[in-house]
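Let me begin by presenting the structure, written as structure tokens, before commenting on it.
The values are calculated or read from the model by the stated rules, or taken from the named source; none is laboratory data. Fair warning: this is a prediction, and the values are worked out from it, not measured in the lab. All Cβ positions, even for glycine, are placed from backbone atoms using ideal geometry, and neighbour counts span all protein chains on display.
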Amino acid sequence: KIPRPPNAWIIYRTDRLRQWKAQRSPHDPPVKQADISRMIGANWKHEPDHIKLEYEKRAAIAKADHKRKYPDYKYNP
């Protein structure tokens, strides 16, 4: 199955999750993915427009790469 191209939120979440994991100690208690997404989502809502625009641009590039890679792709839930 062909994966969907990532949108700005997915790219932002991936970046922030990588940063969050790098800051954590191996001794920290585990955290549910839903809780992590909620925390990162709150951060996304408060990001300035220029940060969101950067992620929108990265998403557009990812979408164009996806279209090049899979020209006949159609989203089908």
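Of all residues in the stretch 50-72 being touching a residue at least 12 places away in the same chain (Cβ under 8 Å) and of a type in the set (Gly, Ala, Ser), which is farthest from Asp15 (Cα to Cα)? The selected residue is Ala62.
When Lys69 is tested against (1) under 18 Å from the mean Cα position of the chain (by Cα); (2) modelled with pLDDT of 95 or more, just one condition goes unmet, and that condition is (1).
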